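The values are calculated or read from the model by the stated rules, or taken from the named source; none is laboratory data. Everything numeric in this text was worked out from a predicted model, so none of it was measured. Every residue, glycine among them, receives a Cβ derived from its backbone with ideal geometry; neighbour counts consider all protein chains shown.
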Amino acid sequence: MFNKKGYTLSEVLITLGIIGIIAAVMLPAANNVKPNPNKMAFLKVYDEISTQVRNFASNSRYFPVCQTVGGANRCFPEYPLFNTTQGIDNILHDIQQNMGQNKLCYLLADSMGVDAANVDTTNGCTFTTQRNISFNINTTRNNNQFLSTVLFDVTGNNGLNNLYNANNVNPTTFRLYITADGNVYPGDFASDSYIRTRKSTKNKNLGNAGNNANFVINIGDNRTVVNFIN
């Protein structure tokens, strides 16, 4: 016959205390592992824009590399997005919406399933996707400059005023810069930080796009100079 010895009350209380301490230490860490929905939504939009812009830039039927500038035929093979004239393909079946300052905006809207009739050019170029993501795209295009600034909010906030700042560490609004060579750069602290969390970009030079930085792209004689204005 075996004598079975049970645990004393003090042993049980000590064990429960240890478990409680471990739980108190581990729960905050477990919460940090939970995916940030705003971050995931941002990265999805970033990937979508990056892919589409690369496709546009590499397709000479969308963006012919040669155009008439100042009465002369000039070619910019390295900077196709600089050409805001009509491409060979009438992508949106409307010549006027296929050229000019808002050309890239209309193309991105079309690639996201937004009809041209639902794109508003009253103040910049704005539209909202079926996934309820609001966009405002402003393109600077003159004789020697090109820059597209993309603001978007992953919650559909048309104000697009929820960017990262010291008092808002979980933003829903993000900024990207698209340059004439078809590259997409982060334009605010959160965008930069979220992209850098990926292994493929941890050691990549994403550009010094600080929280309030702007690109100025000067194009002339087939050269580009990129300056950051802080």
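General remarks:
- In a residue-by-residue description of the range 29-40, the property of being touching a helix residue (DSSP H, G or I) at 6+ places or on another chain (Cβ under 6 Å) and either part of a helix (DSSP H, G or I) or modelled with pLDDT under 90 (or both) applies to at least one position.
- Hits in the range 105-140 - residues which are of a type in the set (S, T, N, Q) and surrounded by 16 or more Cβ atoms within 10 Å (Cβ to Cβ): Ser111, Thr126, Thr128, Thr129, Ser134, Asn136, Asn138, Thr139
- Residues in the range 109-160 that are among the aliphatic types (A, V, I, L, M), closer than 18 Å to Gly187 by Cα, touching a helix residue (DSSP H, G or I) at 6+ places or on another chain (Cβ under 9 Å) and not in a loop (DSSP other than H, G, I, E, B): Ile137, Val150.
- Condition check for Lys44: modelled with pLDDT of 85 or more, among the charged types (D, E, K, R), in a helix (DSSP H, G or I) and out of contact with any Ser or Thr (no Cβ under 9 Å at 6 or more places or on another chain): yes
- Test: residue in the range 186-199 that is modelled with pLDDT under 55 and over 21 Å from Gln52 (Cα atoms): no
- Within the range 90-104, being part of a loop (DSSP other than H, G, I, E, B) and either loosely packed, with under 15 Cβ neighbours inside 10 Å or modelled with pLDDT under 80 (or both) holds for Asn90, Ile91, Leu92, His93, Asp94, Met99, Gly100.
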